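Below is one structure, written out as structure tokens, with a few remarks after it.
Read-outs throughout are calculated quantities, based only on the coordinates presented, and are distinct from any laboratory measurement. Everything numeric here is computed off the predicted structure, so don't read it as measured data. When we count neighbours, we look across all protein chains shown, and the Cβ atoms used for this are built from the backbone with ideal geometry, even at glycine.
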Amino acid sequence: MKRFYVENILASTKILGDEFNHLKKVLRCEVGEKIICLSGDGNEYVCEITRISNDSAEVKILEVKRCNSDPKIDVTVFIGLPKGDKLEFLIQKLSELGASTIIPFESSFTIAKPKDKKLDRYKKIAIEACKQCGRSKPLEVKDCITFKNLLQSLNIYERCYFAYENAETGNFDDAKNFKKICVIIGAEGGFSEEEAKSLKLAGAKEVSLGKRILRCETAPLYAMSVINYITNN
């Protein structure tokens with residue numbers, strides 16, 4: 001069945017805006033057709049389309065069932081703000097891999113500058129990825145923060161990892177012991193020595209991603225895949 005994201009489906013059984021346009025103009029759904037509505041609450045709502053007008057579609061909820069594709073653990077990925085459209089790529093792929101949140105940050109070696117006007121676009125990409133991969137809640141995309149803000153936010157996680165190209169040891173083996181973790185990946189230039197020291201002092205565990213230096217868009221996917229394997233996420 002086709003999937004649509006409808007915030008607070010229990011309060012309003014209307015599909016509006018971009019989701020309605022996708023339903024009517026792209027997928028050409030019809031009255032009587034069954035669809036799945038997602039509302040970010042861990043459930044899948046099997047619905048029947050009862051009416052289609054010029055600006056909305058009305059649905060009737062037929063069945064509510066728990067979504068089996070949602071992540072079992074809460075993983076936040078901090079990523080040094082990358083250049084170009086790499087962040088859009090990462091939003092798509094980290095959604096598929098089960099990350100809960102992505103937070104870009106500025107550091108010594110970041111070249112790109114934050115673009116606040118793009119946040120709405122990033123959220124739309126997360127919703128599309130959510131529908132595509134079968135999870136019920138979209139990956140949360142947050143505003144770009146400073147490295148100082150990153151350090152100050154680490155105390156809310158049970159375990160923090162940061163990938164460091166100079167690390168010779170360190171892995172994710174203990175990830176199975178925690179339910180709320182974060183992974184910190186540097187930008188194209190990685191971390192400075194001072195930043196690496198600051199992360200260690202803040203309690204983050206240094207990890208190695210292998211003998212080869214990975215691109216900034218490859219490293220978080222590698223790290224997330226390893227965590228998924230270890231935790232059966």
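Comparison of Glu30, Glu63, Glu58, Glu44 shows that the only residue that is in a loop (DSSP other than H, G, I, E, B) and either over 27 Å from the mean Cα position of the chain (by Cα) or farther than 30 Å from Ser108 by Cα (or both) is Glu30. Can you find, within region 7-34, the residue that is surrounded by the most Cβ atoms within 10 Å (Cβ to Cβ) among those that are in contact (Cβ under 8 Å) with a residue 40 or more places away in the chain and either closer than 17 Å to Lys124 by Cα or touching a Pro at 6+ places or on another chain (Cβ under 7 Å) (or both)? Of everything passing the filter in region 7-34, Ile15 is surrounded by the most Cβ atoms within 10 Å (Cβ to Cβ). Scan region 44-59 and give yes if some residue there is buried (at least 16 other Cβ atoms within 10 Å of the Cβ), under 30 Å from Pro220 (Cα atoms) and either among the β-branched types (Val, Ile, Thr) or in contact with a Lys or Arg (Cβ under 6 Å, 6 or more places away or on another chain) (or both), otherwise no. The answer is yes; a qualifying residue exists. Quick check on region 108-120. Is at least one of its residues surrounded by 19 or more Cβ atoms within 10 Å (Cβ to Cβ) and under 25 Å from Cys67 (Cβ atoms)? No: region 108-120 contains no residue that is surrounded by 19 or more Cβ atoms within 10 Å (Cβ to Cβ) and under 25 Å from Cys67 (Cβ atoms).
What about Asn21, is it polar (S, T, N, Q) and in a helix (DSSP H, G or I)?
Numbers: polar (S, T, N, Q): yes; in a helix (DSSP H, G or I): yes.
Taking the combined requirement at face value, the residue satisfies it.
Do we have Lys83 as under 30 Å from Phe147 (Cβ atoms), touching a residue at least 24 places away in the same chain (Cβ under 8 Å), surrounded by fewer than 18 Cβ atoms within 10 Å (Cβ to Cβ) and not hydrophobic (A, V, I, L, M, F, W, C) here? Yes; evaluated as a whole, the condition is true for this residue. Among the residues making up region 192-216, those that are in contact with a strand residue (DSSP E or B) (Cβ under 9 Å, 6 or more places away or on another chain) and part of a loop (DSSP other than H, G, I, E, B) are Ala202, Gly203, Ala204, Ser208, Leu209, Ile213, Leu214, Cys216. Of all residues in region 75-99, exactly one satisfies the criterion of being in contact with a Ser or Thr (Cβ under 6 Å, 6 or more places away or on another chain), closer than 15 Å to Val141 by Cβ and of a type outside the set (A, V, I, L, M), namely Thr76.
Selection within region 179-191: residues that are in contact with a strand residue (DSSP E or B) (Cβ under 6 Å, 6 or more places away or on another chain) and surrounded by 16 or more Cβ atoms within 10 Å (Cβ to Cβ). The member of this set that is farthest from Thr231 (Cα to Cα) is Ala187.
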